[in-house]
Amino acid sequence: MALTNYCIYKWLIFLLETEADEQHGMTLKDINQRYLWDRKDIFKYIPSSGWTRTGLPDRKKELVDAEGKKYTEYLDPKITPKTFLRWRHSIYEQFGLLIQQPIFKNIVQNRYYLANPELLDENKTLRETLEHLVDEEKRGYETKTLLTVSPRGRKKKADGVSSVGNSMGFVSVGGSDVDYPDTRLGYQDEPEMVGIIQFVMSIGEALVIKYGKMKRPGEKRDNDKDKKYVLEPQQLKCINGRWYVVGNLYEYGNRETSHLVIYDVERIRLCEDEDILIPRYQVNDGFDIYNLIPDDWTDYLDPDKVVSLYLKTTGQIFDDQPFCQAQMKLDDLSGIMYTIYKVYVKPDKDFLIQYLAYGDEMRVVDMSKKIEPSDTDITRKQIKYLNDLRKITL
């Protein structure tokens, strides 16, 4: 069965080409309405089984009637902001076609249009390519064979290197900083969110997310799940196989609270509000992720000495993707809601970047009362420094 989305990409591209321009874009609500009208035509050559991949599933809502009986209400499928962003990223990555919001008199409009439709008929190739890909996708469903397409303009990635444009700062892999000036976006061996973040950085569009990391000493995170936050990504970095992003964060509509934070890319959750206005921003040239680390950190930690420490996490967040290569899960000391990991690290700048990427879901703990201390364990003074460091930085 085909594993592509070219039917929906073609529909969205041609919809915005004919129905939207820089002055009169389409809202996501408008696009959703047109999707409901057009979806049978979009997938008319694809069997219903294929809709689980290319179409959007019907939504379910569990309700309770006046007598207390539960029942399920089925709602129309909906293009969520996250799905729409994924589609925009893929369309830009594969075809160079940019779907963005219009800006009128320096005010961002909550609408979308195709910014460079002229590419469709450049040398009369791209429009024909789209038609061809859709035909191949349909044939893939009919013959139940996989369709694999190499995105236009993509080159083979250098071993161990990922890339972003120079305006996005560097991206490093394997602990070494590599400046690889190429405009390609994303690879299959990276988390999907890496490509999305590279995409929004390239067009200067912030992310509206759920989890804010806005907690300060003495503050409570009441109703934090209901709040929206804006993240302005400035730089990506890969450490020990995990991707991290640093950027300015503030509560939606309150930019005065902006401050720098680090996130584990795979733990970012995008806001799904349909009518939200996506703020614009600029990536700062020469931004350095290590500027978040205080100057006095070497007074407490020796970056050249391997030490052991214990991480207490919410759930099992380092099971599938370890925090570092030398990691042990201590099942006998873990609970239902938390997990204890023992890790061996060099407490250098990369370690601190990783450490600062986690808020309430991870902290360093003193296990000396439960486990016989070893010569490699960090001291209580160092544990206190790390916990205080996060309170100050985040």
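Just for segment 40-52: of the residues that are surrounded by fewer than 18 Cβ atoms within 10 Å (Cβ to Cβ) and in contact with a Phe, Trp or Tyr (Cβ under 9 Å, 6 or more places away or on another chain), which one is modelled with the highest pLDDT? Walk me through how you get there before you give the answer.
Looking only at segment 40-52, we keep the residues that are surrounded by fewer than 18 Cβ atoms within 10 Å (Cβ to Cβ), and these are 40-41, 44-45, 47-49, 51-52.
After this cut, where a residue has to be in contact with a Phe, Trp or Tyr (Cβ under 9 Å, 6 or more places away or on another chain) as well, the list is 41, 45, 47, 49, 51.
Values: 41: 83, 45: 63, 47: 57, 49: 51, 51: 47.
Across segment 40-52, the extreme among qualifying residues is 41.
Looking at this structure, is residue 278 open to solvent by less than 40 Å² (accessible area, probe 1.4 Å), assigned to a loop (DSSP other than H, G, I, E, B) and touching a strand residue (DSSP E or B) at 6+ places or on another chain (Cβ under 6 Å)?
Working: open to solvent by less than 40 Å² (accessible area, probe 1.4 Å): yes; assigned to a loop (DSSP other than H, G, I, E, B): yes; touching a strand residue (DSSP E or B) at 6+ places or on another chain (Cβ under 6 Å): yes.
When the stated conditions are applied, residue 278 passes them.
Please give the number of the condition residue 298 fails out of (1) open to solvent by 40 Å² or more (accessible area, probe 1.4 Å); (2) under 20 Å from the mean Cα position of the chain (by Cα).
(2)
If I filter segment 346-368 down to residues being among the hydroxyl-bearing types (Ser, Thr, Tyr) and in a loop (DSSP other than H, G, I, E, B), which single residue comes out as least open to solvent (accessible area, probe 1.4 Å)? Give the derivation first.
Residues of segment 346-368 among the hydroxyl-bearing types (Ser, Thr, Tyr): 355, 358, 368.
Still in the list and also in a loop (DSSP other than H, G, I, E, B): 358, 368.
Working: 358: 0, 368: 43 Å².
By that ranking, first place goes to 358.
Table: residues versus (1) under 20 Å from residue 205 (Cα atoms); (2) outside any helix (DSSP H, G or I); (3) open to solvent by 60 Å² or more (accessible area, probe 1.4 Å); (4) modelled with pLDDT of 90 or more.
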position	(1), (2), (3), (4)
7	no, no, no, no
10	no, no, no, yes
13	yes, no, no, yes
16	yes, no, no, yes
22	yes, yes, yes, no
62	no, yes, yes, no
68	no, yes, no, no
71	no, yes, yes, no
85	yes, no, no, yes
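Check residue 160 against each of (1) loosely packed, with under 14 Cβ neighbours inside 10 Å; (2) more than 23 Å from the chain's Cα centre (by Cα); (3) modelled with pLDDT under 50; (4) not aromatic (Phe, Trp, Tyr) and name the one condition it does not meet.
(2)
Name, by its number, the condition in (1) in contact with a Leu (Cβ under 9 Å, 6 or more places away or on another chain); (2) open to solvent by 30 Å² or more (accessible area, probe 1.4 Å) that does not hold for residue 131.
Only one criterion is unmet by residue 131, namely (1).
In the list 336, 340, 317, which residue meets the criterion of being out of contact with any Gly (no Cβ under 6 Å at 6 or more places or on another chain), open to solvent by 40 Å² or more (accessible area, probe 1.4 Å) and of a type in the set (Val, Ile, Thr)? Steps first, answer last, please.
Values: 340 fails: open to solvent by 40 Å² or more (accessible area, probe 1.4 Å); 317 fails: open to solvent by 40 Å² or more (accessible area, probe 1.4 Å).
Residue meeting the stated conditions: 336.
Where in segment 305-345 are there strands (runs of 3 or more DSSP E), lying wholly inside it, with at least 3 residues that are aromatic (Phe, Trp, Tyr) and at negative phi?
Output list reads 338-345.
Exactly one condition in (1) out of contact with any Asp or Glu (no Cβ under 7 Å at 6 or more places or on another chain); (2) open to solvent by 70 Å² or more (accessible area, probe 1.4 Å); (3) without any contact (Cβ under 8 Å) to a residue 40 or more places away in the chain is not met by residue 380; state its number.
(1)
The values are calculated or read from the model by the stated rules, or taken from the named source; none is laboratory data. From a predicted model like this one, the values you see are computed outputs, not experimental measurements. So basically every Cβ, Gly included, is an ideal-geometry build from the backbone, and we count neighbours across all protein chains shown. Quick note on the areas: whole protein, heavy atoms, side chains included, nothing else; ligands and nucleic acids left out. Shrake-Rupley method; radii C 1.70, N 1.55, O 1.52, S 1.80 Å.
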